[in-house]
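The values are calculated or read from the model by the stated rules, or taken from the named source; none is laboratory data. Since this is a predicted model, take the numbers as computed values, not measurements. Here the Cβ is made from the backbone with ideal geometry for all residues, glycine too, and neighbour counts use every protein chain on show.
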Amino acid sequence: MGLFDQIAGAAIGALQQQVAGAAPAAGGGAAIQAIMQLVQQQGGLHGLLDKLRGGGLAEVVQSWIGTGANQPVSPAQLSTALGDQQVGQLAGAAGMAPQELLGMLSQHLPGLVDQLSPGGELPHDMAGLLQAGLNLLHR
């Protein structure tokens, strides 16, 4: 696992602990691995966001990156954008049911992208993404 993967994994864990009374989501380790695998399969965070945009979620994704409120995304929307085959593979690798995986993604992905895009812009270089991840860890 590369440095960015480690930082992003730690950032996801920190974000999970901020949600709902600082209790980690069920299957937290598996959830982190599932998100990291999804990001890697898409060639990085930019690739994942491009796939979601292409799957009809352009406005939703932009709200996560922008400085306003994050629009929610439903498990069904994520399933449509990612495709049943990819969701099934990720769920199997994480030891989760597909709906459980989609629920976790819909809960945590908007906040993670929001935290990695300070000032309303997602960094386009590795150094910028690493700095955004480090800033998230130091909150």
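Descriptive notes on the structure:
- Counting only helices (runs of 4 or more DSSP H) that sit completely within region 1-104, those holding 1 or more residues that are under 12 Å from the mean Cα position of the chain (by Cα), modelled with pLDDT under 80 and crowded, with 21+ Cβ neighbours inside 10 Å correspond to 3-18, 28-41.
- Thr80 in contact with a helix residue (DSSP H, G or I) (Cβ under 7 Å, 6 or more places away or on another chain) and over 20 Å from Gly120 (Cβ atoms): yes
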